[in-house]
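K.L.:
Structure in structure tokens, see below.
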Amino acid sequence: YEDRADKGVLRSMTPLYLVPHGIGISFFLITLICIAVVSVVYSRYISKMILGRLQRLKKGAAMVAEGNLDYPITYTERDEYGEVFEEFDLMRRQLKEARERQQRYEQQQRDRLRGITHDLRSPLTSIKGYAMGIKDGIANTPEKRTRYCDAILTRADDLERLTGSLSLLVKMDTGSSFLHLERVNLDEYIKQFLSEKEAWLVDRKVDVRYRTDAPEAEVELDIREMQRVFMNLLENTVRY
């Protein structure tokens, strides 16, 4: 029995050296081919994925270069590419905000220029009217002539102030400081302003009543520019 059992075991074992060499080589080649195919497919997949992301970034950069800052650069995947897309879109938003700030600033400059141009007409018209009144003899008393001359001088001061405001626009464009702030008593400042404009108010039959609950209040302001604010209020009140 033992002899037959040993022979059975020997017959069931197939030594490696008995496997044909052709089958081993074929298996090896097939394995290499499979590895090569998987590598090519995976490489193409990776390349397509990377190129796709780069194409999206390239399109976003082209939009920014053309000035289209409303084109969002979105990326929903949470991986290392997400940070790149997020930073790029942050740059786009910051550029958009900077452009909007510049546009608002330029519009403000245009509005200021239109305002100053509008303000120039009023003192010029007043000076012309007072001068004609003196020439035509309307100011037929020494008191009237003095009042007309004072009014002309006041409006000439207004013209000087407005031309100074034009120079402020240049300073603003160059980034220079354009406000000359001084600490003043607000009550005294307003009373002084109304006193200087008394002749102008009388000619237009305007009655200004002023009172304050804080006569000791002090503020920092640009005296000449604040005069322009108050004068605009008076002129618009009379006109409208």
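The values are calculated or read from the model by the stated rules, or taken from the named source; none is laboratory data. Small disclaimer: the values here were computed from a predicted structure and weren't measured. Please note: Cβ atoms are built from the backbone with ideal geometry, for glycine as well, and neighbour counts cover all protein chains shown. Only protein heavy atoms, including side chains, enter the accessible area calculation; ligands, DNA and RNA are left aside. Shrake-Rupley method; radii C 1.70, N 1.55, O 1.52, S 1.80 Å.
K.L.:
Just give me the residues in the stretch 229-240 being more than 14 Å from LYS191 (Cβ to Cβ) and open to solvent by 40 Å² or more (accessible area, probe 1.4 Å), in sequence order.
P.N.:
VAL229, ASN232, LEU233, ASN236, THR237, VAL238, ARG239, TYR240
K.L.:
Looking only at the stretch 186-200, which residues are in a helix (DSSP H, G or I) and closer than 18 Å to ASP158 by Cα?
P.N.:
Once the filter is applied, which keeps residues that are in a helix (DSSP H, G or I) and closer than 18 Å to ASP158 by Cα, the stretch 186-200 yields TYR189, ILE190, LYS191, GLN192, PHE193, LEU194, SER195, GLU196, GLU198, ALA199, TRP200.
K.L.:
Taking only the stretch 118-138 into account, find how many residues are acidic (Asp, Glu) and touching a Leu at 6+ places or on another chain (Cβ under 7 Å).
P.N.:
1
K.L.:
Output the residue which, of all residues in the stretch 105-127 that are among the charged types (D, E, K, R) and under 22 Å from the mean Cα position of the chain (by Cα), is nearest to GLN227 (Cα to Cα).
P.N.:
ARG112
K.L.:
Considering the stretch 183-222 alone, what residues qualify as being β-branched (Val, Ile, Thr) and surrounded by 14 or more Cβ atoms within 10 Å (Cβ to Cβ)?
P.N.:
VAL184, ILE190
K.L.:
Across the stretch 201-227, what is the number of residues that are under 40 Å from the mean Cα position of the chain (by Cα), of a type in the set (Val, Ile, Thr) and outside any strand (DSSP E or B)?
P.N.:
Residues that pass the stated criteria total 2.
K.L.:
Sticking with this one: Pick from SER167, SER176: which is loosely packed, with under 12 Cβ neighbours inside 10 Å, modelled with pLDDT under 90, more than 30 Å from SER126 (Cα to Cα) and not aliphatic (A, V, I, L, M)?
P.N.:
SER176
K.L.:
Being modelled with pLDDT of 80 or more and basic (Lys, Arg) is the filter here, so list the residues in the stretch 135-164 that pass it.
P.N.:
If the condition is that a residue be modelled with pLDDT of 80 or more and basic (Lys, Arg), then LYS135, LYS144, ARG145, ARG147, ARG155 are the ones that fit.
K.L.:
Of the residues LEU69, LEU32, only one is open to solvent by less than 90 Å² (accessible area, probe 1.4 Å) and either at pLDDT below 70 or under 30 Å from LEU169 (Cα atoms) (or both); which?
P.N.:
LEU69 is the lone residue from the list that is open to solvent by less than 90 Å² (accessible area, probe 1.4 Å) and either at pLDDT below 70 or under 30 Å from LEU169 (Cα atoms) (or both).
K.L.:
Sticking with this structure for a sec: Can you list residue pairs whose Cβ atoms sit under 6 Å apart, with the first residue in the stretch 110-137 being more than 20 Å from ASN236 (Cα to Cα) and the second being open to solvent by less than 60 Å² (accessible area, probe 1.4 Å) and of a type in the set (Ser, Thr, Tyr)? Count only pairs 6 or more apart in sequence or on different chains.
P.N.:
What qualifies is TYR130/TYR148; GLY133/TYR148; ILE134/TYR148.
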